[in-house]
Amino acid sequence: MSKIIEQPRFSCALGAQQTVIAIKRGVPILHSGPGCSNKISSLIGQGEGYAGGNTIPCTNATEADVVFGGERKLKDVINGAFQVIDADLYVVLTGCTSDIVGDDIGSVTSKYQEKDKPIVYVETGGFKSNNYVSHSEVVNAIIDQYVDKFKNNNGVKKGLVNVFATVPYQDPYWSGNLEEIKRVLEGIGLDVNILFGNESNGIEEWKTIPNAEFNIVASSWVGLNIAEHLKNKYKTPYVHFPYLPIGAIATSKFLRQVSEFGHLDKNKVENFIKKEEEKFYFHIEKTADFMLEFRYGLPRKFYSILDSSYSLGFSKFLLNELGILPGKQFIIDDTPEQYKESIIKEFENISEYRSAEVEFNVDAGAVQLEIEKEKEKDFQEGRALILGSGWDRDLATKLNADLLITSVPVTYRLVLNCGYAGYNGGLRAIEDIYDRVLNTYR
């Protein structure tokens, strides 16, 4: 039985176009109907990158292509892209139309691969999955069809790691988050392939993926199948940290777990952690007077409408660093069944003394109604904080709650290099949360 979902916080599988855009000088080529790409960009776009937005080459499949097939048109678009867009990597992605018709994009693309063109293909018909899943499929396809050609260049390089931590653009703060994760990992002595964004060395960095000593997954489930694929393909081991590390406690735990797994210099790691924690808590101590003076007007409870990595990361941070108590947490990333139990266990142990109730529900409209009911029951808890998207602004206004926009669509924020991961991200989160609190005082 079909069900109407209100306010979905992710896109269809074709949303993996944003994964390609996040690679330096990467270009998606879409074999899809007109309008699909524009809808994705409007939901999770936040900038066009090197060749995103209206620049993306597309076959704009029509009824004629359904009847007669669109392989010839795809070939023409690929030829045009090579002539017009100077890129390091081209990734052909399919929409629903071409996947239903059964166009053989592998056959079309392979002709260019035989000529050593930097092009790969992935079937991403929107009905097949969502962009969390197709993100990993695109990364694996690039590894299999392009990166694998360079696997024997230098062998394993000690200290080199590949990081899989967040889905570009689906996470509005992906760029800042990846910058901070790279910074702290380099701080403990690692050479980091971050793969996406400005801190990456682009496709030259991707070519060294097989040379990594080990891989790091800093996410509840997205990226695990990439790490498993690399383990099977190149025998590269991986360490898994099950949420986005936010603030000093989580980031120090993350670094120690990576250090232990990689047998790093313990003194160097601890010295870096000590320096970062001293800086972090110096700024926290400066807020003591503010926290005391405004203690009755600060949020005492929080609700999240986020994906699992952000929800876990913020839940642990807000409780353990700021003392804000968790209400019910709603996860809206369509988490695969095999990962739900481990996520629930993390919520059961978000601190030594507290747990949080969690619900998996992709219908954010229904989630908003639940939060209204929860808040009505807990009105004595005082002021609340909601972690959600721009769509939750009316809910926050109705409940007289504070809203931190941490999920797409962002709508009411301009995001450049802001990030909430790591030590610096934790400080930024505190600033953003209490900035909204102070803004309500007259």
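What follows is calculated from the coordinates using simple rules that are stated; it is not laboratory data. From a predicted model like this one, the values you see are computed outputs, not experimental measurements. Positions of Cβ are generated from backbone atoms using ideal geometry, with glycine treated the same way; all protein chains shown enter the neighbour counts.
Observations
- For Gln329, the residues 5 or more places off, or on other chains, whose built amide H falls under 5 Å of its own are Glu357, Val358, Glu359.
- Estimated translational D of the chain in µm²/s (Stokes, Kirkwood radius over Cα pairs; 25 °C; 0.890 mPa s): 108 µm²/s
- Estimated translational D of the range 325-426 in µm²/s (Stokes, Kirkwood radius over Cα pairs; 37 °C; 0.692 mPa s): 216 µm²/s
- Listed residues Val415, Val367, Val217, most fluctuating in the chain (Gaussian network, C-alpha, under 10 Å): Val415
- Summary value for the range 84-173: 27 percent relative contact order, contacts being C-alpha pairs under 8 angstrom separated by 6+ residues.
- Label-to-label distance for Lys231 and Leu369 is 4.1 nm, based on points extended 7 Å past Cα in the beta-carbon direction.
- Placing unit charges on the Cβ atoms only, positive for Lys and Arg and negative for Asp and Glu, gives the range 13-145 a dipole magnitude near 220 debye about its Cα centre.
- Based on alpha carbons, the Rg and Dmax found for the range 157-280 are 13.6, 41 Å.
- Overall form of the range 112-168 per C-alpha gyration tensor (a/c, 1.5; a/b vs b/c): oblate
- Segment Lys274-Thr397, length gained on full extension (0.36 nm per residue, minus Cα span): 40.2 nm
- Relative contact order (percent, whole number), the range 301-371, Cα cutoff 8 Å, 6+ residue spacing: 35 percent
- Cβ-Cβ FRET estimate between Asp432 and Ser107, R0 fixed at 60 Å, reported to 0.05: 0.75
- Spin-label pair Lys75-Glu204: with each label point 7 Å from Cα along the Cα-Cβ axis, the two points sit 3.6 nm from one another.
- Relative contact order of the chain, taken over Cα pairs closer than 8 Å and 6 or more residues apart, is 17 percent.
- Kirkwood-based Rg to Rh ratio, the range 13-145, C-alpha trace: 0.92
- Cross-link table Lys182/Lys275; Lys39/Lys115; Lys39/Lys340; Lys73/Lys128; Lys345/Lys375, entries beyond 27 Å C-alpha to C-alpha: Lys39/Lys115; Lys39/Lys340
- Longest site-free stretch - the chain; sites: GluC sites (Glu not before Pro), DSSP loop, at most 14 other Cβ within 10 Å: 115-351
- Each residue in Val437, Val156 was given a count of other beta-carbon atoms within 10 angstrom of its own, and listing them fewest first yields Val156, Val437.
- Over the range 214-259, the Kirkwood radius and the radius of gyration, each from Cα atoms, give a ratio Rg/Rh of 1.02.
- In nm, spacing of pseudo-spin labels at Glu341 and Ile4 (7 Å Cα→C-beta vector): 3.7 nm
- 24 Å Cα-Cα threshold exceeded, pairs from Lys207/Lys274; Lys24/Lys149; Lys157/Lys266: Lys207/Lys274
- Order of Thr124, Thr406 under a 10 Å beta carbon neighbour criterion, fewest first: Thr406, Thr124
- FRET efficiency for Ser351 and Ser42, using Cβ-Cβ distance with R0 set to 30 Å, rounded to 0.05: 0.20
- ³J(HN,Hα), Karplus 6.51/-1.76/1.60, whole Hz, each residue of the range 383-390, x for Gly, Pro: 5, 10, 10, 10, 9, x, 10, x
- Highest-fluctuation residue, Gln46, Gln257, Gln338 considered, GNM on the chain with Cα pairs under 10 Å: Gln338
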